[in-house]
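What follows is a set of notes on a single structure, which appears directly below.
Bear in mind that the values in this text are calculations on the coordinates, not laboratory data. Because the structure is predicted, anything quoted here is derived from the model rather than measured. So basically every Cβ, Gly included, is an ideal-geometry build from the backbone, and we count neighbours across all protein chains shown.
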Amino acid sequence: CIDRRYDLLEVLGAGAMGVVYRARQRSLRRDVAVKLIKLQDINVDKRDLRQVERLEREVAIISGFRHPNICELIDHGRIKDSGIFYRVMEFIDGPTLKKVARGKRMQLAFVLEVIDQLCAALSEPHAHDVLHRDIKPDNIMLRVHMDQRLEVKLVDFGLVRPNSAKGS
């Protein structure tokens, strides 16, 4: 349980920055995705303090995104007396593009729809002069609605960075 608000249910994935869980938000009784990010010996050296500043900067940047093709950041925090930070995001009930594409030929119409929605998603951070820096099939989620409409969601802005090369 995270801050008595989120019950961790199952691991969805793990990467270099942390582990993502499907969780239950107690107050609204809905599923969410919780990413736990552990920093070692957080109060020991300046490098760790820079990591904390970077995580806080990323949250500030991501929290400003409002696009239907970007996974929404719902909440964030730090587990008291630990080096564990968490981000609570919209839960996307669907596979990654990597899982869908693995070893399969995809229809051109499907590929074009994914690219179109992905480009639309990238317009939001680019409008704020921000680069994602980790576009890959693992960070593209797919959800099919009841009316068979495909929705593409860009996730994991863990490497987000303000664009310092503006104008180049």
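Remarks
- Amide proton proximity set for Leu12, modelled H, under 5 Å, gap of 5+: Val20, Tyr21, Arg22
- Across the stretch 44-117 the C-alpha pair distances fall into 5 Å bins from zero in the proportions 3, 11, 17, 16, 14, 13, 11, 8, 5, 2, 0 percent.
- Ellipsoid equivalent to the stretch 98-146 - semi-axes via the Cα gyration tensor, in Å: 22, 13, 10
- FRET efficiency for the Glu56 to Ile135 pair, using the beta carbon distance and R₀ = 22 Å, is estimated at 0.40.
- Out-of-range pairs (alpha-carbon distance over 25 Å; input Lys35/Lys98; Lys99/Lys153; Lys80/Lys153; Lys38/Lys104): Lys80/Lys153; Lys38/Lys104
- Based on DSSP H segments of at least four residues, each scored -39500 (n - 2.57), the chain has a per-residue ellipticity at 222 nm of -8000 deg cm²/dmol.
- Placing +1 on the Cβ of every Lys and Arg and -1 on the Cβ of every Asp and Glu, with nothing else charged, gives the chain a dipole about its Cα centre of roughly 260 debye.
- Reference-scaled alpha-carbon Rg (2.2 N^0.38 Å with N residues) for the chain: 1.10
- Taking the DSSP beta bridges with both ends in the chain, the antiparallel portion is around 95 percent.
- A cut-off of 5 Å between modelled amide H atoms, ignoring neighbours fewer than 5 places along the same chain, links Ile70 with Leu154.
- Each Cα pair under 8 Å and six or more residues apart adds its separation to the average, and for the stretch 1-147 the resulting relative contact order is 19 percent.
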